[in-house]
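Readers should treat all values here as calculations from the given coordinates under stated rules, not as data from a laboratory. Here the structure is a predicted model, which is why all the values come from computation and not from measurement. Here Cβ is always computed from backbone atoms with ideal geometry, including for glycine, and neighbour counts include all displayed protein chains.
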Amino acid sequence: MRAWWDISKGGAVAMRERMHYNSKKNVLEIDLSDLTISSQEQIEEIEEVLTEILNPLKRKVYALVNYEGFRVEDELKERYGQAIKSLYNRYSLGTVRYSASAFTRVTIKTASLKQGLESRTYSSREEALKAIDRLKEQNPIEEGKK
């Protein structure tokens, strides 16, 4: 995988290294912190990596996404939103996002609503994890299905 991400905290990291699946909890953690999406290729790489991780599982998962310091260039926002919606529909039991930035949370909420998705955006990882627990309580039967 390519490692050309614009990361303000020091250097490029392959996208695959930013995604970790916990099979016991059925939670995929995605770290998009300090990334800037500035090309169609970056969106395609996110789609490819997530598909490589999730398709073999043969089940839907919960996603926990760190959006701290994340940006999408204006001309790519619609395409990025479409990609996320498609991945959500194929692989997600529920997605929960977090960022300490109020501006980022509002931006995510607006983009999510535009795509017809619930935003489920929180100010900390701890709050987001509690939200996943609540989702699991609401949908205990759904967790094993794809």
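Quick check for me: using +1 on Lys/Arg Cβ and -1 on Asp/Glu Cβ, what's the dipole size of the stretch 15-128 about its Cα centre, in debye to the nearest 20? Could the numbers behind the result be given before it?
Values: 18 positive and 18 negative charges, 143 e Å.
That gives a dipole near 680 debye.
Would you mind calculating the relative contact order of the stretch 15-128 from Cα pairs under 8 angstrom and at least 6 residues apart, reporting the percent as a whole number? Intermediate values should be presented prior to the final figure.
Details: 179 pairs, mean separation 27.6, N = 114.
24 percent.
Using a cut-off of 11 Å between beta-carbons, work out the net charge of the residues near residue 82 (Lys and Arg +1, Asp and Glu -1, residue 82 not included). All intermediate terms of the calculation are to be shown ahead of the outcome.
Values: positive: 77, 79, 85, 114; negative: 47, 78.
Around residue 82, the charge tally is +2.
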